[in-house]
1. Can you tell me which residue is modelled with the highest pLDDT among those in the range 83-113 that are in a helix (DSSP H, G or I) and buried (at least 17 other Cβ atoms within 10 Å of the Cβ)?
2. Is there any pair with a first residue in the range 36-62 that is without any contact (Cβ under 8 Å) to a residue 24 or more places away in the chain and a second that is surrounded by 14 or more Cβ atoms within 10 Å (Cβ to Cβ) and among the charged types (D, E, K, R) whose Cβ atoms are under 7 Å apart and which are 6 or more apart or on different chains, and what are they?
3. Out of (1) assigned to a helix (DSSP H, G or I); (2) modelled with pLDDT of 95 or more; (3) not small (Gly, Ala, Ser), the odd one out for residue 6 is which?
4. Of all the strands (runs of 3 or more DSSP E) wholly in the range 23-75, which have at least 2 residues that are surrounded by fewer than 18 Cβ atoms within 10 Å (Cβ to Cβ)?
5. Among the numbered criteria (1) farther than 26 Å from residue 94 by Cβ; (2) surrounded by fewer than 18 Cβ atoms within 10 Å (Cβ to Cβ), which single criterion is violated by residue 6?
6. Please work out which residue is farthest from residue 50 (Cα to Cα), limiting yourself to the range 9-22 and to residues that are in a helix (DSSP H, G or I) and touching a Leu at 6+ places or on another chain (Cβ under 9 Å).
Amino acid sequence: MITNHTYKLNNIAFTKEIASTHINIFWHDTYNNIIAQNPNRHLMLLVKVHFANKSTGYRTLGPLRSVSHLDKELFINYITQRLGVLNDSYNVSEVSKIIFSYIIKEGLAIAAA
């Protein structure tokens, strides 16, 4: 089942620092609880932002990724790199929400090559 966890950002500029902070919050609020229940799990994770300008709508920061609990720093680096691509593609940088969509999977994530 797909689960969403949304954080409101009050129409602020979406920077690498904001992305990193909210990934850390998501890890603390959600991923730590998932692992506490069963450490032999990983997430299929997708990060989306909702722009303050309603006509721009939502944008994903990259494709769905298989992420283990220990890969937080790698995931932060991946998303902040993708943020650069997003900012180059769109002139709008103020966002109202960041949404983490995820599926809990049994077993350990397979390392990306």
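The values are calculated or read from the model by the stated rules, or taken from the named source; none is laboratory data. It should be emphasised that the depicted structure is a prediction, and the values quoted were computed from it without experimental measurement. With ideal geometry, Cβ positions are generated from the backbone for all residues, glycine too; neighbour counts draw on all protein chains shown.
1. Going through the range 83-113, the residues in a helix (DSSP H, G or I) turn out to be 83-89.
From what is left, the residues that are buried (at least 17 other Cβ atoms within 10 Å of the Cβ) are 83, 86.
Working: 83: 80, 86: 62.
Here the answer is 83.
2. Every condition considered, the pairs that remain are 60/48; 62/82.
3. (1)
4. Working: elements: 41-51, 58-60, 65-67.
In the range 23-75, 41-51, 58-60 are the strands (runs of 3 or more DSSP E) which contain 2 or more residues that are surrounded by fewer than 18 Cβ atoms within 10 Å (Cβ to Cβ).
5. Tallying (1) farther than 26 Å from residue 94 by Cβ; (2) surrounded by fewer than 18 Cβ atoms within 10 Å (Cβ to Cβ), residue 6 fails exactly one: (1).
6. To start, the set of residues in the range 9-22 that are in a helix (DSSP H, G or I) comprises 16-22.
From the residues that got through so far, the ones that are touching a Leu at 6+ places or on another chain (Cβ under 9 Å) too are 16, 18-19, 22.
On the way: 16: 16, 18: 14, 19: 13, 22: 14 Å.
Residue satisfying both the conditions and the ranking: 16.
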